[in-house]
Every structure is written in C-alpha cells, then in structure tokens.
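K.L.:
My structure is below; once you've seen it, I'll send some questions.
The values are calculated or read from the model by the stated rules, or taken from the named source; none is laboratory data. Just so you know, these numbers come straight off a predicted model, no measurement behind them. With ideal geometry, Cβ positions are generated from the backbone for all residues, glycine too; neighbour counts draw on all protein chains shown.
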Amino acid sequence: MFLFAVFAFIAFFVPQNYIHQADELMRNKFMIIISAFAIILGLGSLIQHHISKIKYRKEFWQYSLLTLVTMALTSIIGLFGGIEADGVLPTSFTIGDFTFKFDIQALYQGIIIPLGSSMFALLAFFMSSAAYRAFRARNLDAFILLFAAIIVMLGQIPVGTWLFPDLFDIRQWLLDIPNLAAKRGIRIGVALGVVGTSLKIILGIERSWLGGGSD
C-alpha cells in the first residue's frame, strides 16, 4: 500500500516517460482488476443481506425478493442478450402491443429511466417539505438563505422570469459568485481532509480499513 501510494504520488512530479507509462499501466490495468473484485464483493454482500432478510422474514422482505429476482434477470439479459440485442437470446418478444428487446439498452430506456424519473418526481415534494422546515427565518443567516433560495427557485421557472425579467440574471449571479465561492471552500476542506486521511493510511497510522485499530 505504501509503495504503490508513493509511486502514484511521484508520478505527478517526475516527467520521465517510463514513470508515466508505469503509472498509466497501474491506473488502466490494475484498477480494472481491483474494480472487478470490488464488484464481486459488493454483489456477494448484497445477495447475503437480502437472503438473510428473506430467510428470517424481516420487515419488507418482499422487496428483497424482488431485488434478487430483478438482479438475476438483468444479469441474464446483460450476459446473453448483449447491449444492442446482439447476444444469443432472441432479439425480442411481443405481448399484445408491447415489444421487449433482450438487450441492456432497452432495459435501461424502458424501465430504469422511467423508474428514476418517478423517484425524483416524488423526491421533489420531500425536498420542498424539508426546505420549508429548514429555511425558517429564525435569524439573519436563515433569512439570507431563505431569500436566496426563493430567488433561485423563482429564477428557474418561466413564471418567475415572467413576473421579474431580471430575476434570471440575479439567480445566475447567485449561483456563479456566492454559491461557487462556498462550493470551493467546501471542496478545499474536503481535499485537505482526504490528504490528511490518505497520509495516515500511507504511513500506517490509520489501519481500520484492514479491519484493525488505528493505534
């Protein structure tokens, strides 16, 4: 861990081609292998979790059963149906006026995208309710946050720009100047935290990721 981390760090500052070629090999080849093992571990953990819920009839175990069945069907279609119905499965089947293709692209466009749209449509109402509770103007800071949020939301819809023609420009200024400054501050803080945690892992100070303590 220490050697690979130090090598990846050096590759940013050493201009020699062989260093960059080795770093490119690590990133493009080794990372694929590590990602494949991570997917296997993730799928194993997911299957084990849902099988346990089904076995002991925990709350909402029916959704766990649906998850496993859907995962199995998606895997079969992806492995044998191909991305564009170019696999060994039949290209499509028809039930009445509905035609379904045995490919991942049709599965994505016909099922996953509508489900995602429905989920985010429902989340919009929950977010609005949470924003109403969070933006109560109890003090000056909360009032500024509430006022800025109202301007941004009104500037996003046609009704707001129809009532106040300059509202879109004000909204864009809020997003480009104060909001961007706050986002950069947060990102700098997150980056410093990542650097600190990475150094602790590289130097062996933090070993909890190995299953041990951090002493």
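Residue-by-condition table, conditions (1) loosely packed, with under 14 Cβ neighbours inside 10 Å; (2) among the β-branched types (Val, Ile, Thr); (3) not in a loop (DSSP other than H, G, I, E, B):
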| site | (1), (2), (3) |
| --- | --- |
| MET153 | yes, no, yes |
| TRP162 | yes, no, yes |
| PRO165 | yes, no, no |
| ILE170 | no, yes, yes |
| ALA181 | yes, no, yes |
| ILE186 | yes, yes, yes |
| GLY189 | yes, no, yes |
| THR197 | yes, yes, yes |
| TRP209 | yes, no, yes |
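K.L.:
Please verify whether the range 65-78 includes one or more residues that are over 24 Å from the mean Cα position of the chain (by Cα), over 30 Å from LEU203 (Cα atoms), in contact (Cβ under 8 Å) with a residue 24 or more places away in the chain and surrounded by 11 or more Cβ atoms within 10 Å (Cβ to Cβ).
P.N.:
No.
K.L.:
Say we look at the range 79-106 and pick out the residues that are among the aliphatic types (A, V, I, L, M) and over 22 Å from ILE40 (Cβ atoms); which of these is nearest to the chain's Cα centre (by Cα)? Quick ask: steps written out before the conclusion?
P.N.:
Taking the range 79-106 first, the residues among the aliphatic types (A, V, I, L, M) are 79, 83, 85, 88-89, 95, 104, 106.
This time we only want the ones that are over 22 Å from ILE40 (Cβ atoms), so: 85, 88-89, 95, 106.
Details: ALA85: 27, VAL88: 32, LEU89: 31, ILE95: 35, ALA106: 22 Å.
Once the filter is applied, the top-ranked residue is ALA106.
K.L.:
Go through (1) part of a strand (DSSP E or B); (2) of a type outside the set (Phe, Trp, Tyr); (3) closer than 30 Å to MET153 by Cβ one by one and return the number of the condition THR99 breaks.
P.N.:
Looking at each condition in turn, THR99 falls short on (3).
K.L.:
Residues that are of a type in the set (A, V, I, L, M) and modelled with pLDDT of 90 or more: list the helices (runs of 4 or more DSSP H) wholly contained in the range 13-93 that include at least 2 such residues.
P.N.:
Numbers: elements: 17-25, 31-55, 61-80.
Helices (runs of 4 or more DSSP H) meeting the threshold: 31-55, 61-80.
Conditions tested, residue by residue: (1) in contact with a Ser or Thr (Cβ under 8 Å, 6 or more places away or on another chain); (2) farther than 30 Å from PHE80 by Cα; (3) among the small types (Gly, Ala, Ser).
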site	(1), (2), (3)
GLN105	no, no, no
ILE112	no, no, no
ARG133	no, yes, no
GLN172	no, yes, no
SER198	no, yes, yes
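K.L.:
Just for the range 33-49: of the residues that are under 18 Å from VAL69 (Cβ atoms) and of a type in the set (A, V, I, L, M, F, W, C), which one is surrounded by the fewest Cβ atoms within 10 Å (Cβ to Cβ)?
P.N.:
The qualifying residue surrounded by the fewest Cβ atoms within 10 Å (Cβ to Cβ) is LEU43.
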